[in-house]
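Written out below as structure tokens is the structure these notes cover.
Every number here is computed from the coordinates shown, using simple stated rules; none is lab data. Here the structure is a predicted model, which is why all the values come from computation and not from measurement. Here the Cβ positions follow ideal geometry from the backbone for every residue, glycine too, while neighbour counts run over all protein chains shown.
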Amino acid sequence: MGFWDNVNDELKKAVEEGWSAVKESAKIGKLRLRIHALHKKAEKHFAEIGGIVYDSSKVPWENPLSRTEVQKLIEEIRKIEAETEALEKEIDALKKKEKPGAEK
């Protein structure tokens, strides 16, 4: 194989590796965007719970945690938390994959 072939092969490898890094960075960006959307949804649920707690303070003997709507919101927040943790792990795995010599 001649020098030109070596140069050509190395250029092809560099382009492929560069494109792979760009695609993985784009994946990380999409995952971060999903996490942001989940956080906004959780924030909305927390605000709803806060409103319910505030309203229930008018009736001092009412426990807001006994209300089914509060329990549903708490369950939704727990699902969002689990999904967010899974996405963060996926991001960590992609970052480790990007770094050469990273432990797996």
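Values as computed for the structure displayed
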quantity	calculated
Coil-residue chymotrypsin sites (Phe, Trp or Tyr not before Pro) of the range 29-68, DSSP, other Cβ within 10 Å capped at 16	W61
Pairs of alpha carbons in the chain whose separation is greater than 24 Å (percent)	53
Distance violations [Cα-Cα > 18 Å] among K30/K95; K44/K79; K41/K97	K41/K97
Positive-pole candidate from H45, P60, F3, dipole of the chain, charges at beta carbon	P60
Principal-axis tilt of helix 68-98 within the chain, Cα atoms, nearest 10 degrees	10
Rounded to whole Hz, the Karplus (6.51, -1.76, 1.60) HN-Hα couplings of the range 35-47, x for glycine and proline	4, 4, 4, 5, 5, 5, 5, 4, 4, 4, 5, 4, 5
Estimated FRET transfer efficiency (E83, K12; beta-carbon r; R0 35 Å; 0.05)	0.35
